[in-house]
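Rule-based calculations on the coordinates, nothing more; no lab input. Since this is a predicted model, take the numbers as computed values, not measurements. A quick note on method: Cβ atoms are made from the backbone with ideal geometry, for glycine too, and the neighbour counts reach across all protein chains shown.
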Ligand SMILES: Cc1cc2nc3c(=O)[nH]c(=O)nc-3n(C[C@H](O)[C@H](O)[C@H](O)COP(=O)(O)OP(=O)(O)OC[C@H]3O[C@@H](n4cnc5c(N)ncnc54)[C@H](O)[C@@H]3O)c2cc1C
């Protein structure tokens, strides 16, 4: 059995940034991750990270705050958004000092910034179209320098709580040795990333299965705003591979099958750089009304010229050629909206602490602070991961310094108990194969809980989820081995995905309005009187119970949202 002051589950941007902050605050911190740190989905982030540096413009953190509040369709908590935007410039400089190589402005040599959706100024810092990869590798080198221990290829399966209900560690499957381990901790930080794989197709890595959200949910902690799934406007068909918003930031335009630049109808001022929910709905409308091309619309980059495409969007060119057979220097890329980012997550405060469980913290995409409300702006998620990663690591360390936490309550018996459950799954020979749950779930979510929703579809979705939920305890896997058993991992992940779909569907049925990414054709208006509130999903007796909490407003009154 292992014990640390702070255990951070997940080694993407949020997890590593949290571990670095905790280490710097003087506690014994360890990372636990199911894949190697630099394979975390953060490394797939292309477009950039926002900060009002004001290098070439009169931008300010107040502008960034307003854009984020408006982008969130006023559901974001304004005190938390002020922190996000206020800490942003300092975090970028810190990353740069640690060695992150950002692209530079051609004449001034300062960090360059590109325009992004929903932003009043060009404020997205970038490293060509490999921004996440560059930051991820930078943080990894800092973790190595600090000698922060990392349990690689450890899959966390359960949270451990003490008699008072406080979190005191985790149970994990060590894939390399095939054993189940207890890791005790005074504080646990969940940083397990998003849940994009609830949908198919998805821009997310196969590992983005929302594990941390489900671990918290099962331990009695509520998830917040689960009905809000972001559909990114430019994904390739059929793979779902992302084409960064940076492509539009650099000047790419969207065309329908008439060659019309259709965004002029939907967002006459911001056009392609309206916020993501607006652009995705516009594309979906064009496709539904018969002005698409084989279920897609076209993203045209040709006018940018070869030199700019090769310099600013080299990865996009490669992806378009590999996954759509199109060279964007020569021809427009067929794209469509695709499941991309989950605004919801573990309900935490602005220090990343879960108010419902002492000793539990969460940061990054698996957490809901909430800074993105009903719709996230591009470039704000990498930012959230580092800003709130740092705050959360710091808060977890303070929690330990203050004498809290009960790592000793985690015992080897916790691993043994899980071992029994695992054997049950490994030894079962009859039942439902995991892919017969996972695939229909993801296809159904895409079809019925997509860009546009309605009561009939959502109720049908609930039926499918209920049916699949019953099958989860009967799952069978064909690989009976102990080491590197990917079938086993997929089976456990499938259970997590079903939990999360359940919360998403229940939240979406209840929310009878349209706000941000949650767009109901049967309730097309935003209803501030009734629905200016966060939803909280609890799992009780295997069923989702909904409750609600207040939205924090500081400076900005809700307005009609146009771009
Ligand atoms: C293709 C793509 C492009 C994007 N581009 C941008 C962009 O340009 N700008 C922007 O701001 N945002 C972007 N985003 C969003 C952003 O990248 C993510 O929201 C952010 O990187 C999430 O970071 P994270 O640290 O929370 O999680 P991740 O980077 O996903 O890391 C999750 C970690 O948790 C670990 N983990 C998960 N489950 C378990 C478990 N059960 N046990 C142990 N470990 C576990 C994993 O091993 C991994 O280390 C993009 C997302 C995608 C998918």
Using Cβ contacts closer than 10 Å as the measure, can you line up 298, 310, 357, 445 from fewest to most?
310, 298, 357, 445
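Write down the Kirkwood hydrodynamic radius of region 404-530, to one decimal in angstroms, obtained as one divided by the mean of 1/r over all alpha carbon pairs.
Values: mean 1/r = 0.0590 Å⁻¹.
About 16.9 Å for region 404-530.
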What is the order of 518, 23, fewest Cβ neighbours within 10 Å to most?
23, 518
Give me the Kirkwood hydrodynamic radius of region 156-208, using the inverse of the mean 1/r over all pairs of distinct Cα atoms, in Å to one decimal.
13.1
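Counting alpha carbon pairs within less than 8 Å and at least 6 residues apart, what relative contact order, in whole percent, applies to region 153-309? Walk me through the numbers on the way to the answer.
On the way: 211 pairs, mean separation 22.0, N = 157.
Normalised by residue count, the contact order of region 153-309 is 14 percent.
Once you keep just the Cα pairs under 8 angstrom separated by 6 or more residues, what percentage relative contact order results for the chain?
On the way: 1381 pairs, mean separation 126.1, N = 563.
Across the chain, relative contact order equals 22 percent.
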Along each principal axis of its Cα atoms, how long is region 234-359 end to end? Whole angstroms, biggest number first, please.
56, 34, 29
Can you give me the Rg/Rh ratio for region 393-466, using Cα atoms for both radii and the Kirkwood formula for Rh?
1.24
Taking 7 Å along the Cα-to-C-beta vector as the label spot, tell me the residue 163-residue 289 distance in nanometres, rounded to one decimal.
6.6
At q = 0.18 Å⁻¹, the log10 of I(q)/I(0) for region 511-552 from a Debye sum over equal Cα scatterers comes to -0.60
Would you mind computing Rg(Cα) / (2.2 N^0.38 Å) for region 67-132, counting N as its residues?
1.24
Please state the relative contact order of region 52-153 as a whole percent: Cα pairs under 8 Å, 6+ residues apart?
24
Of every Cα-Cα pair in the chain, the percent that sits beyond 36 Å:
29
For region 1-139, what log10 I(q)/I(0) values come out of the Debye formula at q = 0.13, 0.19 1/Å, with one point per alpha carbon and no solvent?
-0.64, -1.17
Please compute the Kirkwood hydrodynamic radius over region 43-99, one decimal place, Å, based on all pairs of different Cα atoms.
12.3
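On average, how much area does the Cα convex hull of region 207-268 cover when viewed from any direction, in nm²?
Details: hull surface 27.5 nm².
Hull-based average projected area comes out at 6.9 nm².
Give me Rg/Rg_expected for region 94-160, where Rg uses Cα atoms only and Rg_expected = 2.2 N^0.38 Å with N residues.
Working: Rg = 16.6 Å, N = 67, 2.2 N^0.38 = 10.9 Å.
Rounded to two decimals, the normalised Rg is 1.53.
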Which Rg and Dmax, in Å, describe the Cα atoms of region 327-414?
18.5, 63
Pairwise centroid distance, computed over Cα atoms, of region 270-325 with region 74-145, Å
24
For helix 486-510, what angle does its Cα long axis make with the longest principal axis of the chain, in degrees from 0 to 90 and rounded to 10?
60
Angle, helix 455-471 long axis vs. longest principal axis of the chain, Cα atoms, 0 to 90°, nearest 10?
30
Expected sort for 392, 107, 33 with the fewest Cβ neighbours (10 Å cutoff) up front is 107, 33, 392
Could you give me D for region 428-470, from Stokes-Einstein at 25 °C and 0.890 mPa s, where the hydrodynamic radius is the Kirkwood radius over C-alpha pairs? Units µm² s⁻¹, please.
220
How tilted is helix 435-448 with respect to the longest principal axis of the chain? Cα atoms for both, answer in degrees (0 to 90, nearest 10).
40
Separation of alpha-carbon centers, region 29-72 and region 177-224, rounded to whole Å
21
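So for region 115-216, Kirkwood radius off the Cα pairs, Stokes-Einstein at 37 °C and 0.692 mPa s: how many µm² s⁻¹? Each step should come with its number before you reach the end.
Working: Rh = 16.8 Å.
Here the translational diffusion coefficient equals 196 µm²/s.
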